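**Q** Supplied in structure tokens, the structure appears directly below.
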Amino acid sequence: MTALRVGFLGDGHINGVLRRAVEASRSYEVVGSYGRDDVLPDHADVDVIVEAATQQAVRERVPGLLEAGVDVILLSVGALADPGLRSRLHSATPGRLIACTGAIGGLDQVRALRAAGPLSEVSIESRKLPASLIQSWMPDGLKDDLRTRSTELVLADGPAGDVAQRFPASANVAAALALAADAWGLATARVVADPAAVRTRHEIHAVGELGEVRTVVVNTPSSERPRSSALVAWAALRALDDYARLRGFDPEGVAFL
């Protein structure tokens, strides 16, 4: 059988790590990495694109890929906090949109609870080093404070979709949880600037009729991109491997869903 043809939307750190891992350890055919101004391939040239760019790139480029028949593994899940874009991506065909779990775990159990019925509580608290949470919309005084802060500060506490849009590089996890729980109107997210958070900490809580999930994930920040966890590229590799197995490109191993 021919090799799985893989492309990468976004030429930054995460896809750089992922591409090197693929080229070093997988038999997949790397078609290319695509930046903002590059022409994207269509289904005749690529089987799947791994997106690790920005929410804006998702808005501008992913609908066209799906409509061209290209499957997309999505890392910028925070883009789905926009209900209009979410609806457009859900309806775009014939390509398939596949959300990557990224920096968090436990979403399989959350989805299982949701399959049994609506959830009554869904929340996530994320703790990161203060300087890694600086955003362009923040006033200069707050930015300066976050660069030197020695005590905790709650920067956001509200609907997960709102938080994901306010912290696009840091709160994709909030959108991933809301998506897994099918609870955009219920899920909440709390972002804490914590000087003690040498490693990023995410605590997930979900309650349904058949049980309750409490998951704590602690990740080492990327040395080159501290706003993201170093684990994210490897979560994308895991998603790519499962995709390959389900498509029949890799007969070895077992795909987890």
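**Q** Check 62, 50, 30 and return the single one that is farther than 30 Å from residue 166 by Cβ, modelled with pLDDT of 95 or more, β-branched (Val, Ile, Thr) and open to solvent by less than 50 Å² (accessible area, probe 1.4 Å).
**A** 30
**Q** Oh, and also: Could you grab the pairs with beta carbons closer than 8 Å, sequence gap of 6+ or different chains, first residue in the stretch 114-143 and surrounded by 18 or more Cβ atoms within 10 Å (Cβ to Cβ), second one modelled with pLDDT under 95 and aromatic (Phe, Trp, Tyr)?
**A** 133/167
**Q** In addition: Of all residues being of a type in the set (Gly, Ala, Ser) and either part of a loop (DSSP other than H, G, I, E, B) or in contact (Cβ under 8 Å) with a residue 60 or more places away in the chain (or both) in the stretch 25-57, which is nearest to residue 3 (Cα to Cα)? Just the residue, please. I'd like the intermediate steps shown before the answer.
**A** Residues of the stretch 25-57 that are of a type in the set (Gly, Ala, Ser), as a first pass: 25, 27, 32-33, 35, 44, 52-53, 57.
Among the residues that remain, those that are also either part of a loop (DSSP other than H, G, I, E, B) or in contact (Cβ under 8 Å) with a residue 60 or more places away in the chain (or both) are: 27, 35, 44, 52-53.
Working: 27: 7, 35: 24, 44: 14, 52: 22, 53: 25 Å.
Result: 27.
**Q** Would you check if residue 201 is among the basic types (Lys, Arg), surrounded by fewer than 19 Cβ atoms within 10 Å (Cβ to Cβ), assigned to a strand (DSSP E or B) and touching a residue at least 12 places away in the same chain (Cβ under 8 Å)?
**A** Answer is yes for this residue.
**Q** For the stretch 208-237, enumerate the residues that are crowded, with 17+ Cβ neighbours inside 10 Å, in a strand (DSSP E or B) and not hydroxyl-bearing (Ser, Thr, Tyr).
**A** Hits for the stretch 208-237 are 208, 213, 217, 219, 221.
**Q** Still on this structure, I have one more. Scan (1) assigned to a strand (DSSP E or B); (2) under 16 Å from residue 52 (Cα atoms) for the single condition residue 240 breaks and write down its number.
**A** Residue 240 satisfies every listed condition except (1).
**Q** Which one of the conditions (1) open to solvent by 60 Å² or more (accessible area, probe 1.4 Å); (2) in contact with an Asp or Glu (Cβ under 9 Å, 6 or more places away or on another chain); (3) part of a loop (DSSP other than H, G, I, E, B); (4) over 25 Å from residue 8 (Cβ atoms) does residue 94 fail to meet, given that it meets all the rest?
**A** With (1) open to solvent by 60 Å² or more (accessible area, probe 1.4 Å); (2) in contact with an Asp or Glu (Cβ under 9 Å, 6 or more places away or on another chain); (3) part of a loop (DSSP other than H, G, I, E, B); (4) over 25 Å from residue 8 (Cβ atoms) applied to residue 94, the lone miss is (4).
**Q** Has the stretch 146-158 got any residue that is out of contact with any Pro (no Cβ under 6 Å at 6 or more places or on another chain), closer than 19 Å to residue 121 by Cβ, outside any loop (DSSP other than H, G, I, E, B) and touching a residue at least 60 places away in the same chain (Cβ under 8 Å)?
**A** No; the residues of the stretch 146-158 include none that is out of contact with any Pro (no Cβ under 6 Å at 6 or more places or on another chain), closer than 19 Å to residue 121 by Cβ, outside any loop (DSSP other than H, G, I, E, B) and touching a residue at least 60 places away in the same chain (Cβ under 8 Å).
**Q** Of everything in the stretch 160-176 that's of a type in the set (A, V, I, L, M) and assigned to a loop (DSSP other than H, G, I, E, B), which residue is modelled with the highest pLDDT?
**A** The residue in question is 171.
**Q** Looking at the stretch 108-145 only, could you name the residues that are polar (S, T, N, Q), assigned to a loop (DSSP other than H, G, I, E, B), farther than 19 Å from residue 214 by Cα and touching a Leu at 6+ places or on another chain (Cβ under 9 Å)?
**A** 135
**Q** Considering only residues of the stretch 231-257 that are among the small types (Gly, Ala, Ser) and without any contact (Cβ under 8 Å) to a residue 60 or more places away in the chain, which is nearest to residue 108 (Cα to Cα)?
**A** Checked the stretch 231-257; the qualifying residue nearest to residue 108 (Cα to Cα) is 255.
The values are calculated or read from the model by the stated rules, or taken from the named source; none is laboratory data. Keep in mind it's a predicted model, so treat the numbers as computed, not measured. In this analysis, Cβ positions are derived from the backbone assuming ideal geometry, glycine residues included, and neighbour counts consider all displayed protein chains. Keep in mind that these areas ignore ligands, DNA and RNA; they rest on the heavy atoms of the full protein, side chains included. Shrake-Rupley method; radii C 1.70, N 1.55, O 1.52, S 1.80 Å.
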